[in-house]
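No value in this document is a laboratory result; all are computed from the given coordinates. The structure presented is a predicted model; accordingly, all values stated were derived computationally and were not measured. With ideal geometry, Cβ positions are generated from the backbone for all residues, glycine too; neighbour counts draw on all protein chains shown.
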Amino acid sequence: MKHTVKYKYSLIPVSVLSLSLLAGCSEVAIPEPEPELNKGSLVLVGGALAGSNAEVYQRFIELAGGELQARIAVIPAASGQPVKYFKQFKADMVRYGLDEDQMTLFPVAVKDDKSTKDVDESQWRSGATDIKLAEQLSQFTAVWFLGGDQLNITATMAPDGERSVLLEAVWHLYQRGGVVGGTSAGAAMMSDVMIAAGDSWGALTAGTTDTYSGMQDQENGPLMLAQGLGFFPHAIIDQHFDRKARFGRLIVAAELNKATYPLGFGIDENTALVYTAHNNSAQVIGAGAVTAIDVSNAGRIKNPHGYHIENVRISVMQGGDRYHFDTEQFVANPLKSATVGHEYLNLAKPVVSGVFSRNSRLKDMLTFDLVDNKGSKEVISYLHQGEGVGFTLRFSQDEYTTGYWQYLDGLLDSGSAFGVRLDIVPAEFSIKPLTAVAAAAEMEQTENN
């Protein structure tokens, strides 16, 4: 839907606001925003946004008021190279019809950008607390958060857990009908409960941690949760979801917060979840999928051998699929056709474990091997390190499961799977390599006996 709110503004013909704005920083008491007043939109990108992804860029520009009205403030707090990646974002926006002076870099960062010589961007740490800087945001229709380390966003935008004046200004922009977007870390910080670090194996085997030693912790280790900025009110957000197989850690995060946030949304790379507050719904656009995790009716089983949970519901949305929060319903793109009862495949035991699997990604495994496969009502995968305790992942369909499919872009498949059941059960694994040398030695021993 085209966003028709328009704004008048005075152009600021600079790409980087003056460092003099950082002088005289001060804090003010900031009231909590009222969710019912929100009129804006959120564009949450799962990272690795390609410059060629016209659908996502054009939707963001549209929600910002269109090519003539859009005025975008870029907040690079998460980035290790804030100026470099601002320039890249600006170049992509120019490709889709904006002028360079419609994007402005706001000086909020914690890292010095090695690509610049005259400015130390690490001195921008207190930028979000400057009243004059916050006042500039009234001239803008959109805010974009660059990717990087989401803990740097929360540390600068909400220092000591208090909303900065710039963060309050972002809220006002959102409430009056503007759009707030971000990629990677800029998406992770949108939820109230923020995933800060860890991977699926670490979350399932080691639980949670309060320690953080840097970006490497985002790639492995226990789950770390922190306070996010709370723009997305319905669920916990995760990103880089397809490439980094993060659905295990998202399940743990949602189960730990089941009373308040039993839903989690994992966004694939080069893909966006677009939330519109006025109709309280979200749509998936871009190259990949958004995977919804629902632990509302899941049961955590006390098991001394490891993490055990049953009846987690997983739904895969892509290609324009929507979720309506008021009715709690998934709605497939109306161009898609139902697959359950009209399945294309008939495979009794599809191979789904490992990189040699035909459909090794979660979204493909569920849409092709399960809900579009007459031959099996379940697919089983495994998570282990070769020896010792690991996990059996049992995905199954029942009366609550539905599936859809269609070609939406040439011959590119776009499948949907809603309400798939997942049980995670600890299991003992022991792998014995059957090499030719070992086989010969075993045969010789047998002959000698």
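Just a few scattered comments:
- Extension gain, Leu408 to Glu219: 0.36 nm times the residue separation minus the Cα-Cα distance gives 64.7 nm.
- Annotation: the residues Arg361, Arg71, Arg300, Arg95, sorted from fewest to most other C-beta atoms within 10 Å of their own C-beta, follow the order Arg95, Arg300, Arg361, Arg71.
- The modelled label-to-label distance for the pair Leu347/Arg300, using points 7 Å beyond Cα in the direction of Cβ, is 3.5 nm.
- Protection proxy ranking of 202-214, 96-108, 143-155 - average other beta-carbon atoms within 10 Å, highest first: 143-155, 96-108, 202-214
- Between the residues Ser164, Ala196, Gln227, the greatest Cα displacement towards the positive end of the dipole of the range 19-300, with unit charges on the Cβ of Lys, Arg, Asp and Glu, is found for Ala196.
- FRET efficiency estimate (nearest 0.05) - Cβ-Cβ, Lys374 to Glu135, R0 45 angstrom: 0.15
- Under 10 Å, Cβ to Cβ, from Asn333 - net charge with Lys/Arg +1 and Asp/Glu -1: +1
- Hydrodynamic radius (Kirkwood) for the range 148-296, which is based on Cα pairs only, to one decimal in Å: 15.5 Å
- Local electrostatic count at Ser416 - Lys and Arg +1, Asp and Glu -1, tallied over other residues with Cβ under 13 Å: -1
- Structural descriptor for the range 19-300: relative contact order 23 percent, calculated from alpha carbon pairs under 8 angstrom and at least 6 residues apart.
- Using a cut-off of 22 Å between Cα atoms, the listed pairs Lys114/Lys244; Lys244/Lys374; Lys258/Lys363; Lys84/Lys244; Lys90/Lys117 include Lys114/Lys244; Lys244/Lys374; Lys258/Lys363; Lys84/Lys244 as exceeding that distance.
- With 5 Å bins beginning at zero, the pair-distance distribution over Cα atoms of the range 305-365 amounts to 4, 12, 14, 20, 21, 17, 8, 4, 0, 0 %.
- Calculated P(r) of the range 19-300 - Cα pairs past 33 Å, %: 16 percent
- For the chain, the 222 nm mean residue ellipticity estimated from helices alone, with every DSSP H stretch of n ≥ 4 adding -39500 (n - 2.57) and the total spread over all residues, rounds to -5500 deg cm²/dmol.
- Computed FRET value (nearest 0.05) for Thr260 with Glu447, which takes r as the C-beta separation and R₀ as 60 Å: 0.35
- Packing, as the average of other Cβ atoms within 10 Å across residues, places the peptides 83-90, 372-379, 188-195 in the order 188-195, 83-90, 372-379, highest first.
- Counting 0.36 nm for each residue step from Asn311 to Asn280 and taking away their Cα separation leaves a gain of 8.5 nm.
- Counted by Cβ distance under 11 Å from Ala48, the other residues give a net charge of -1, where Lys and Arg count +1 and Asp and Glu count -1.
- Note on Asp294, Asp238: ascending count of other Cβ atoms within 10 Å places them as Asp294, Asp238, the fewest first.
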